[in-house]
């Protein structure tokens with residue numbers, strides 16, 4: 001009879017480990033294609049992510065540079081050059097943050113060039129697409145109103161200045177918007193509306209040049 005060989009705990013562990021390693025080796029040899037494909041898939045995902053973020057960063061940088069160049073043209077008085085540059089930014093970088101400011105500046109640059117229909121178009125485009133910036137939304141409403149005023153549409157313009165005030169009543173030039181509304185209501189012969197917004201202006205902004213100007217205009221246009 002053979003003597004039974006008693007294995008130690010260490011030998012049992014080593015034997016299990018050896019069996020596991022051999023089994024793993026066989027699995028890798030049999031399925032190496034799947035391991036390689038899986039590894040390549042991970043590498044491609046990482047590479048694609050890196051490329052995406054790199055390209056997005058590069059695109060944002062180019063958009064910011066183009067916007068700075070367009071603003072330089074605008075500030076130097078080259079309104080038409082600026083209009084073309086801002087429009088190109090919207091076409092090329094519509095998803096970038098600068099597209100929002102480029103849209104607003106298209107309204108402003110066209111207004112400066114006295115191209116009022118185009119100014120109104122771009123200000124309205126800004127209002128329809130961008131909802132968060134109260135300051136620029138109020139300014140866009142005022143830009144539309146100013147364009148209408150310059151085309152002799154005083155009653156419509158006055159309503160527009162009221163909307164600009166209501167958009168941002170705590171804004172830095174809210175008193176100017178009310179004063180402009182008083183002026184245009186007076187020009188349109190709408191005395192009651194002119195008085196209503198003059199009273200609001202005096203209540204909310206008792207001091208300041210816009211209030212003094214509105215009082216003077218109202219007195220001149222509505223004597224007695």
ask   = Residue check: is residue 94 assigned by TED's automatic domain parsing to the domain that holds residue 173, over 19 Å from residue 72 (Cβ atoms) and out of contact with any strand residue (DSSP E or B) (no Cβ under 8 Å at 6 or more places or on another chain)?
value = no
- Task: Answer with yes or no whether residue 94 is in a loop (DSSP other than H, G, I, E, B), without any contact (Cβ under 8 Å) to a residue 60 or more places away in the chain and within 20 Å of residue 186 (Cβ to Cβ).
- Result: no
For residue 131, the lone unmet condition from (1) surrounded by fewer than 17 Cβ atoms within 10 Å (Cβ to Cβ); (2) under 24 Å from the mean Cα position of the chain (by Cα); (3) farther than 30 Å from residue 200 by Cα is (3)
- With respect to residue 152, determine if the residue is on the phi > 0 side of the Ramachandran plot and either surrounded by 15 or more Cβ atoms within 10 Å (Cβ to Cβ) or out of contact with any strand residue (DSSP E or B) (no Cβ under 7 Å at 6 or more places or on another chain) (or both). yes
inquiry  = On the basis of being part of a helix (DSSP H, G or I) and modelled with pLDDT under 95, does residue 37 make the cut?
reply    = yes
Being surrounded by fewer than 17 Cβ atoms within 10 Å (Cβ to Cβ) and either touching a helix residue (DSSP H, G or I) at 6+ places or on another chain (Cβ under 9 Å) or assigned by TED's automatic domain parsing to the domain that holds residue 211 (or both) narrows 82, 113, 119 down to just 113
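The values are calculated or read from the model by the stated rules, or taken from the named source; none is laboratory data. Just so it is clear, the structure is predicted and the values come from calculations on it, not from any experiment. Note: ideal-geometry Cβ built from the backbone for every residue, glycine included; neighbour counts use all protein chains shown.
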